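**Q** Got a structure for you, questions after.
The values are calculated or read from the model by the stated rules, or taken from the named source; none is laboratory data. Computed from a prediction, not measured in an experiment: that's the story for all the values here. Cβ placement follows ideal geometry from the backbone for every residue including glycine, while neighbour counts extend to all protein chains displayed. Side chains are part of the model used for accessible areas, which takes the heavy atoms of the whole protein and leaves out ligands, DNA and RNA. Shrake-Rupley method; radii C 1.70, N 1.55, O 1.52, S 1.80 Å.
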Amino acid sequence: MPYIDGFVLAVPTANREKFIEHARRFDPVFIEFGATRVIEGWGDDVPEGKVTDFRRAVQAKDDETVAFSWVEWPDKATRDAGMKKMMEDPRMDPAANPMPFDGKRMIFGGFDSVVELGG
């Protein structure tokens, strides 16, 4: 089963197209370095919770939309090697490919797949 990197971030709603453009430049590098699939999701039905929720988790403001993204890798070893290459790649320099969101409020992590249905 694949290894998954997940990301939750708050993007200024006005930057939706910039977010998509950024992903179109950035995401192919994941594939180049071994990822099998990249998904970028734009918040559509992100409810407010009673205790916690996606918006609170990234301190989203009223004029921001929560984005949820994930990268699938064949395994953790491929992910670790790919992420190392990405961090060394000059295309990942924020000056060359600035993020259209506050990266300090991004939540991310790596996950082992434990159940997979469908295909």
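**Q** Within region 80-101, track down each residue that is exposed (fewer than 12 other Cβ atoms within 10 Å of the Cβ) and within 16 Å of the chain's Cα centre (by Cα).
**A** Residues satisfying the conditions are Met87, Pro94, Pro98.
**Q** Given the conditions (1) under 24 Å from Tyr3 (Cβ atoms); (2) part of a helix (DSSP H, G or I); (3) touching a residue at least 12 places away in the same chain (Cβ under 8 Å), and given that Phe19 satisfies all but one, which numbered condition is not satisfied?
**A** (1)
**Q** Shifting gears a bit: Answer yes or no as to whether Asp93 is of a type in the set (Asp, Glu) and free of Cβ contacts under 8 Å to residues at least 40 places away in the same chain.
**A** Spelling it out, Asp93 is indeed of a type in the set (Asp, Glu) and free of Cβ contacts under 8 Å to residues at least 40 places away in the same chain.
**Q** Answer yes or no: is there a residue in region 103-119 that is surrounded by fewer than 14 Cβ atoms within 10 Å (Cβ to Cβ), part of a strand (DSSP E or B) and of a type in the set (Val, Ile, Thr).
**A** yes
**Q** Let me ask you something else. Looking only at region 28-79, how many residues end up being β-branched (Val, Ile, Thr), open to solvent by 40 Å² or more (accessible area, probe 1.4 Å), part of a loop (DSSP other than H, G, I, E, B) and closer than 18 Å to Met106 by Cα?
**A** 2
**Q** Quick one: how many residues across region 4-15 are more than 16 Å from Asp27 (Cα to Cα) and open to solvent by less than 20 Å² (accessible area, probe 1.4 Å)?
**A** So the count comes out to 2.
**Q** Report yes if Arg25 is among the basic types (Lys, Arg), in contact (Cβ under 8 Å) with a residue 60 or more places away in the chain and outside any strand (DSSP E or B), otherwise no.
**A** Working: among the basic types (Lys, Arg): yes; in contact (Cβ under 8 Å) with a residue 60 or more places away in the chain: yes; outside any strand (DSSP E or B): yes.
Against the criterion (among the basic types (Lys, Arg), in contact (Cβ under 8 Å) with a residue 60 or more places away in the chain and outside any strand (DSSP E or B)), Arg25 qualifies.
**Q** Same structure again: Name the residue, out of Asp53, Asp44, Asp75, Asp5, that is within 12 Å of the chain's Cα centre (by Cα) and not aromatic (Phe, Trp, Tyr).
**A** Asp5
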